[in-house]
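A.B. asks: For reference, the structure I am asking about is given below.
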Amino acid sequence: MFDWTRLPPDADLPEHIRIIKNIDWANTSVGEMEFWPQSLRTAVCLMTSYPMPVAMYIGSEYVTIYNESYQEVAGAKHPSLLGLLKILFCPFSCHLSFNFFFCSSLL
């Protein structure tokens, strides 16, 4: 598996990955990407390589990260939805028909 989380933000990467790398993760409960545990790095790298739309909600605040295929689901909220707390965009029960994972145990 290719671990793009360890590369610099200006590396020659796909646009969606560059957007994810340039998010100010330090201002979220997930923390700076350079300090992410290997379990979170692996989960995010696997998720971003998956061809179907997938979103992950990470940590106690359910910080949002999703793959390129999920952009269609996010619609006009992409890319501002990346790094947001789930409660800010989905405050009530969401009935969703796509893949998503709650990953509070990866931090």
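The values are calculated or read from the model by the stated rules, or taken from the named source; none is laboratory data. Here the structure is a predicted model, which is why all the values come from computation and not from measurement. No Cβ is skipped: glycine too gets one built from the backbone with ideal geometry, and neighbour counts run over all protein chains shown.
A.B. asks: What number goes with the only condition from (1) crowded, with 17+ Cβ neighbours inside 10 Å; (2) at negative phi; (3) out of contact with any Asp or Glu (no Cβ under 9 Å at 6 or more places or on another chain); (4) not polar (S, T, N, Q) that Gly59 does not pass?
C.D. replies: Failing condition for Gly59: (2).
A.B. asks: As an exercise: evaluate Thr42 against (1) β-branched (Val, Ile, Thr); (2) closer than 15 Å to Asp3 by Cβ; (3) crowded, with 16+ Cβ neighbours inside 10 Å and give the number of the one condition it does not meet.
C.D. replies: (3)
A.B. asks: Where residues in the range 25-39 are out of contact with any Gly (no Cβ under 7 Å at 6 or more places or on another chain) and not hydrophobic (A, V, I, L, M, F, W, C), which of them is surrounded by the most Cβ atoms within 10 Å (Cβ to Cβ)?
C.D. replies: Per the criteria, the residue is Gly31.
A.B. asks: Just to confirm my filter: which strands (runs of 3 or more DSSP E) fall fully inside the chain and include at least 2 residues that are at pLDDT below 80?
C.D. replies: Ranges flagged: 99-103.
A.B. asks: Which one of these is under 17 Å from Leu85 (Cα atoms) and touching a residue at least 24 places away in the same chain (Cβ under 8 Å): Trp25, Trp36?
C.D. replies: Trp25
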